[in-house]
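Below you'll find the structure, written out as structure tokens, and then a few comments.
The values are calculated or read from the model by the stated rules, or taken from the named source; none is laboratory data. Bear in mind that the values here come from a model prediction, so they are computed numbers and not experimental data. Using ideal geometry, Cβ is built from the backbone for each residue, glycine included, and neighbour counts are taken over all protein chains shown. Remember, those area values only see protein heavy atoms, side chains included, never the ligands or the DNA or RNA. Shrake-Rupley method; radii C 1.70, N 1.55, O 1.52, S 1.80 Å.
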Protein chains: 2
Amino acid sequence: MKRLVGAAALLLALAPTPLFAASAAQGDGSLTRLFFVLAVILLAGKFSGELFERIGQPAVLGELIAGVFLGASVLGIIPTAADDSLTEIIHVFAEIGVVVLLFEVGLETDLKQLFRVGRGAMSVATVGVVLPMVGGILFWMSPLARPEFSLTDATTTGIFIGATLTATSVGITARVLQDLGVMHSIEARLIIGAAVIDDVLGLVLLGLVSTLIAGSTLTVFAVGRSLGIAVGFLVLAISLGLLIAPKVFSVIDRMRVRGVLLVAAFAFLLFMAALASVAGSAPIIGAFAAGIVLSGTNQFDTIEKRIKPVADVFTPVFFLSIGAALDVRLLNPFNPANAPVLFIGLGLFVIAVLGKFAAGWAVPWRKFNRSAVGIGMVPRGEVGLIFANIGLMNGVLTPELFGAILIMVIGTTLVAPPLLKWSFGRGGITGPLEARPVPLSEIRDSESYPSSGEP
Amino acid sequence: MKRLVGAAALLLALAPTPLFAASAAQGDGSLTRLFFVLAVILLAGKFSGELFERIGQPAVLGELIAGVFLGASVLGIIPTAADDSLTEIIHVFAEIGVVVLLFEVGLETDLKQLFRVGRGAMSVATVGVVLPMVGGILFWMSPLARPEFSLTDATTTGIFIGATLTATSVGITARVLQDLGVMHSIEARLIIGAAVIDDVLGLVLLGLVSTLIAGSTLTVFAVGRSLGIAVGFLVLAISLGLLIAPKVFSVIDRMRVRGVLLVAAFAFLLFMAALASVAGSAPIIGAFAAGIVLSGTNQFDTIEKRIKPVADVFTPVFFLSIGAALDVRLLNPFNPANAPVLFIGLGLFVIAVLGKFAAGWAVPWRKFNRSAVGIGMVPRGEVGLIFANIGLMNGVLTPELFGAILIMVIGTTLVAPPLLKWSFGRGGITGPLEARPVPLSEIRDSESYPSSGEP
């Protein structure tokens, strides 16, 4: 063993040779770094996830916290600087990660069962958008606000802050529901359904806020048309897809080349994500629709099984990237400059949590675990980050207000997974057929994903 | 159906709205385009591969030709321009594709069996490097050469051309061997072994040629050190890995988080690829070593099965990118400006094919399908492209000579798959235990990869 270590040291000492220069001359220096960074992201994410699962927390929380440590403000391994060529590539991996995740959620979604909770999901989504929005506006118009953090008038900034408080990160919640193995419960369906509606509403809001920032006036017609396109895409894509996909995929299934079924499914999900984006919706909505469409094919089982490894190599990049966005220095309470930022961030955090939590009580006509549904809507994740970023770019937010919003976004994202697990453990889940809640422990193992040992 | 099409047309007409502008404002326009481009690359590759397999050709040939059609000189869908932000991302996907492919080849490689053909592989590699190298130098010093295509003296250019003629693309050949299902034959082992040695020799040559271009003089010590590092990395990585990996992976196998085994294997292969690059070897050599190391673990079966879908979404990007490098306008014989380029390209092509083909006869002490081994060494693929690119960047080659080398590289890459299939069909394969060749038809089905229908 000692001899081997000695040889390794020798090899490392010899490394900077003409040959190393030659490989750098090939322009592959950034590729080498990318491979290292990706390997570290994946290993840190999985090992941290394992640690959190062992101490009884959802694995995704471990991935988020691993991201905080690998981020620019601590170890600086995950690139975030705009002038770093790796930043864009890591961003692409993260984006593919979240669309593949939503595709998986779509695959696991039974459209009929989703329709059965449709009215409930709509109520949860509406309450969960209105309460935080109103709360945010009122907060910024109250004496608690810090006008020096805003670059426009209080109304515009208030509406903008309200908008950042609305959208639920379906990605985070879906991962926790997957981790807990409760994806088929009534609660999970309500949360996923409401989160998707939330995303549609959030994108409409984003369009309106952008119009407002540009100084244009809003018309009822513009609002209606935006909403029509977003909803129209979802309805049209799913109904057309359900009509055509089973025939197309049964032809593809008869092909002989290796992996054609998986590759076709993966290409279809990318295509739908891009199409959704072009139609003015979000890529994740398109990917979710693609999953629902393919859940209606006969090749569903094979697709679901084969997409898992692909999801496994992309999705951790997404969760660690979100964690990496947090500048931990902002959280230092001993730095007096941080006090107002921390205070605003905490205020927004409280509004964000209470507003969504209350939405769990928006459905009066059924029995289910209400606090779990409310908590499931809490994480803001990537959608909140996108909103905050636009505000910073368009000169609505100062870096301080941006920091406060980040504290709210990351805070909601970090508290939701453990709270959701606790809530499901305490209140139980409602199965699709059962009338009354059952304890989590009876359900979870049957749904979990074996890490190995398949035939 | 008509109504649905009408609704789709309406949706598309409505698409360029404030909301679309909002999604563009998020800076995700390039992401949308990437999703479209990736989907087209994957679908075109698989469907073209299927078509070629139906007409009795290897699927990889279909992917290469699909790449030619999607390339800049025909449809322009695969980005190649240096100022296009997608070019780098597609390049990264292609690079991950080829390292995952070589990892798979490593997984399927039995180290003991490889050692048994070691002496033979060394002979094949040496002859296959020396003959094309000498042929290339002689060609460029003969009256057939076009000195106006060269920017340095004839000797330097000749050595450079000789170097571009040496390296075998183990990626292309490995895919054909996979497609034919003959990976476990003596011939396949000889080819893979020789191709890996070729790559090591090729990188040493690249270092030497770069030194030459820089105007420095070569010393025996520098050559020896370069070779020592390249070989040392491979030996050290594999022996250390075989010692440690089984213990580490049996610990990882006991972890509970989803996909931890696959993710650890994928991270390990990226890490080894990066390490190989830092040590002055090529990323694919590191990935191949990673595969060999993990083939010695108890988790081998699960890893092999789970990495397949990951390879399926990355490797087509690699093969289509190679095809996309061909400018088909160079092949137009009616353009008089093309005549000298075509002539030089054809000359280099003949030297490239004959030199490697002859290498099949370099092993006198065994019975096997010699022409298959020779043909298996013919494709130059990505390694040839890297060499040619360095020549262009360092001002050794004019664009015309670069074009001629490209014709040689793509030509050898396109003829090898059908010739290899023909040769295995005619001359049969030699099994690891059998003494005499068996027809291909008896072997291939048992090795093929089921596209669906697993439990």
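For B:Ile307, the conditions (1) closer than 20 Å to B:Gly120 by Cβ; (2) part of a helix (DSSP H, G or I) are fulfilled apart from (1). Of all positions in the range A:325-335, none carries a residue that is without any contact (Cβ under 8 Å) to a residue 60 or more places away in the chain, of a type in the set (Lys, Arg), assigned to a helix (DSSP H, G or I) and open to solvent by 50 Å² or more (accessible area, probe 1.4 Å).
Residues that are at pLDDT below 75 and away from chain B (no Cβ under 14 Å) number at least 1 in the following helices (runs of 4 or more DSSP H) confined to the range A:337-455: A:381-393, A:440-447.
Looking only at residues of the range B:135-148 that are assigned to a helix (DSSP H, G or I) and touching a helix residue (DSSP H, G or I) at 6+ places or on another chain (Cβ under 7 Å), we find that the one that is surrounded by the fewest Cβ atoms within 10 Å (Cβ to Cβ) is B:Pro147. Annotation: A:Lys308 fulfils all but one of (1) over 28 Å from A:Ala44 (Cα atoms); (2) surrounded by fewer than 23 Cβ atoms within 10 Å (Cβ to Cβ); the unmet one is (1). Of note, B:Val235 does not satisfy the criterion of being out of contact with any Leu (no Cβ under 9 Å at 6 or more places or on another chain), in contact (Cβ under 8 Å) with a residue 12 or more places away in the chain and either within 7 Å of another protein chain (Cβ to nearest Cβ) or open to solvent by 20 Å² or more (accessible area, probe 1.4 Å) (or both). For the range A:68-87, a residue qualifies if it is among the β-branched types (Val, Ile, Thr) and farther than 17 Å from A:Ile410 by Cα, and the qualifying residues are A:Ile77, A:Thr87.
Of all residues in the range A:85-106, those satisfying the criterion of being more than 15 Å from A:Val313 (Cα to Cα) and buried (at least 23 other Cβ atoms within 10 Å of the Cβ) are A:Val105, A:Gly106. A single entry from B:Leu401, B:Leu414, B:Leu397, B:Leu354 fulfils the requirement of being surrounded by fewer than 24 Cβ atoms within 10 Å (Cβ to Cβ), closer than 21 Å to B:Val134 by Cα and either of a type in the set (Phe, Trp, Tyr) or touching a residue at least 24 places away in the same chain (Cβ under 8 Å) (or both): B:Leu354. Counting only helices (runs of 4 or more DSSP H) that sit wholly inside the range B:169-254, those with at least 1 residues that are modelled with pLDDT under 80 and polar (S, T, N, Q) are B:186-213, B:220-253. Within the range B:155-168, being of a type in the set (Val, Ile, Thr) and not in a helix (DSSP H, G or I) holds for B:Thr166, B:Thr168. Filtering B:Val209, B:Val196, B:Val248, B:Val182 for residues that are within 14 Å of chain A (Cβ to nearest Cβ) and closer than 28 Å to B:Gly374 by Cβ leaves a single hit, B:Val209. Restricted to the range A:1-116, the set of helices (runs of 4 or more DSSP H) holding at least 2 residues that are under 30 Å from A:His184 (Cα atoms) and modelled with pLDDT of 75 or more comprises A:29-54, A:59-70, A:85-107, A:111-116.
Of everything in the range B:255-304 that is facing chain A (nearest Cβ under 9 Å) and of a type in the set (D, E, K, R), the residue that is surrounded by the most Cβ atoms within 10 Å (Cβ to Cβ) is B:Arg258.
Within the range B:135-159, residues that are closer than 12 Å to B:Gly391 by Cβ sit with their Cβ atoms under 7 Å from residues that are part of a helix (DSSP H, G or I) and among the charged types (D, E, K, R), at 6+ positions apart or across chains, in these pairs: B:Phe149/B:Glu400.
Being more than 9 Å from chain B (Cβ to nearest Cβ) and either at pLDDT 90 or above or over 30 Å from A:Arg254 (Cα atoms) (or both) is not true of A:Val313.
Among the residues of the range A:56-85, those identified as closer than 19 Å to A:Ile407 by Cα and touching a Lys or Arg at 6+ places or on another chain (Cβ under 7 Å) are A:Val60, A:Ser73.
One line per residue, one yes/no per condition, for (1) on the phi < 0 side of the Ramachandran plot; (2) surrounded by fewer than 23 Cβ atoms within 10 Å (Cβ to Cβ); (3) more than 17 Å from the chain's Cα centre (by Cα):
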site: B:Asp83; (1), (2), (3): yes, yes, yes
site: B:Met122; (1), (2), (3): yes, yes, yes
site: B:Leu131; (1), (2), (3): yes, yes, yes
site: B:Thr152; (1), (2), (3): yes, yes, yes
site: B:Thr157; (1), (2), (3): yes, no, yes
site: B:Ser169; (1), (2), (3): yes, no, no
site: B:Leu177; (1), (2), (3): yes, no, no
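Taking the range A:97-154 as the range and being in contact with a Leu (Cβ under 9 Å, 6 or more places away or on another chain) and among the polar types (S, T, N, Q) as the test, the residues that pass are A:Thr126, A:Ser150.
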